[in-house]
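The values are calculated or read from the model by the stated rules, or taken from the named source; none is laboratory data. Keep in mind it's a predicted model, so treat the numbers as computed, not measured. Note that we place each Cβ from the backbone using ideal geometry, even for glycine, and neighbour counts take in every protein chain shown.
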Amino acid sequence: MSQNKILVIGSSNTDMVVRTDKFPDAGETILGGEFFMNAGGKGANQAVAARRLGGNVEFIGKTGKDIFGQQALEYLRNEGIFTGNILTDDENPSGVALITVNGKGENSIVVAAGANGTLVPGDLEKIPEVFNDASMVLLQLEIPLETVVHVSKLSLSLKKKVILNPAPAQMLPDALLQGLYLITPNETEVKQLTGIEVYDIESAAKASQVLIDKGVQNVIITMGAAGAFIYSAEFTGLVEAPKVKAVDTTAAGDTFNGALTVFLSEGMGIKEATRLACIAASISVTRIGAQTSVPFRRELHL
């Protein structure tokens, strides 16, 4: 296990999932199949992935004073993640995500942020010590953008490596991109950030260069079943993903990001770290759910 602490700051949700043959059209009611609830949220998902794949992980987020928040904390603690600095919102409920999974394993997600949306820079200013022994800080965009910008700026001032998974897709200020160690958009997110549609290696390289020009050190564009495109001084090219039959793609990207962060924190090269992260993500899509689908390190047969 990596002894370098990975600090994940982000969202925690309860995922409410319904399986159905097809997504409903606007105004249409359809009968679904199996229903289940899972611990989710991009931040928490990535923390669980990093932990299961060998990381020493602390997660910071914000939950409500409700059963969903209590269950999320218990789940994270049971995974071996340090939760001592997770905050509680006395007024807003914990975040929830309503997820529909169709017969192809594709998902449609609506998130109600709840307490995630009230994690503000002032909350983190109360616990400055959490950054001291972190080697890497992993961020996403399901908490307020001002908080992401604050954490990134503070982390960089402390010489920490910041990895940003820019999801869900939104426009980002150049000030956030400046100095990032690594950004990991998918095809939709990179188009939002650069205006370039990515459909092959050449377009991926062109989009990556736009982000490099804005001050990002390394770019990895996740391309679903095709794998991940790396653009860095160390290696540039496509790392293919194993071919599997997808059952549920929920948290595949989160699994990739958590795994990638762990392997990079151990000093692994970016190409090999990406290859292993692709394997972890490919395993996750063969299983139902978010955090429940994340593989353990032993399953990668390292």
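Residue-level analysis places V57 outside the set of residues that are surrounded by 14 or more Cβ atoms within 10 Å (Cβ to Cβ), of a type in the set (V, I, T) and in contact (Cβ under 8 Å) with a residue 60 or more places away in the chain. Restricting attention to segment 80-95 and to residues that are within 21 Å of the chain's Cα centre (by Cα), buried (at least 20 other Cβ atoms within 10 Å of the Cβ) and not hydroxyl-bearing (S, T, Y), the residue that is nearest to R52 (Cα to Cα) turns out to be I81.
Which of the residues spanning segment 63-73 are under 12 Å from S12 (Cα atoms) and either basic (K, R) or free of Cβ contacts under 8 Å to residues at least 12 places away in the same chain (or both)? Within segment 63-73, Q70 is the sole residue that qualifies. When restricted to residues that are more than 14 Å from the chain's Cα centre (by Cα) and either under 27 Å from T20 (Cα atoms) or not in a helix (DSSP H, G or I) (or both), segment 223-268 contains 29.
Against the test of being buried (at least 22 other Cβ atoms within 10 Å of the Cβ), out of contact with any strand residue (DSSP E or B) (no Cβ under 6 Å at 6 or more places or on another chain), among the aliphatic types (A, V, I, L, M) and touching a residue at least 12 places away in the same chain (Cβ under 8 Å), the options A207, A226 yield a single qualifying residue, A207. When you look at L238, is it crowded, with 21+ Cβ neighbours inside 10 Å, of a type outside the set (G, A, S) and at pLDDT 95 or above, yes or no? It is false that L238 is crowded, with 21+ Cβ neighbours inside 10 Å, of a type outside the set (G, A, S) and at pLDDT 95 or above. Within segment 157-177, the set of residues being of a type in the set (G, A, S), part of a helix (DSSP H, G or I) and in contact with a strand residue (DSSP E or B) (Cβ under 8 Å, 6 or more places away or on another chain) is empty. Per the conditions (1) touching a Gly at 6+ places or on another chain (Cβ under 8 Å); (2) charged (D, E, K, R); (3) part of a helix (DSSP H, G or I), the sole criterion not satisfied by K22 is (3).
With the structure loaded, tell me whether L7 is in contact (Cβ under 8 Å) with a residue 24 or more places away in the chain, part of a strand (DSSP E or B) and touching a Leu at 6+ places or on another chain (Cβ under 8 Å) or whether it fails that test. I'd like the intermediate steps shown before the answer.
Details: in contact (Cβ under 8 Å) with a residue 24 or more places away in the chain: yes; part of a strand (DSSP E or B): yes; touching a Leu at 6+ places or on another chain (Cβ under 8 Å): yes.
Taking the combined requirement at face value, the residue satisfies it.
No other residue among G84, G95, G114 is farther than 19 Å from M37 by Cβ and modelled with pLDDT of 95 or more apart from G84. On the stretch given as segment 120-140, residues that are in contact (Cβ under 8 Å) with a residue 60 or more places away in the chain and farther than 26 Å from M268 by Cα total 3. Within segment 242-270, the set of residues being over 19 Å from N38 (Cα atoms), surrounded by fewer than 24 Cβ atoms within 10 Å (Cβ to Cβ) and in contact (Cβ under 8 Å) with a residue 12 or more places away in the chain comprises P242, K243, V244, K245, E266, G269, I270. Count, please, the residues in segment 275-302 that happen to be β-branched (V, I, T) and either over 25 Å from I109 (Cβ atoms) or not in a helix (DSSP H, G or I) (or both). Within segment 275-302, residues that are β-branched (V, I, T) and either over 25 Å from I109 (Cβ atoms) or not in a helix (DSSP H, G or I) (or both) number 4.
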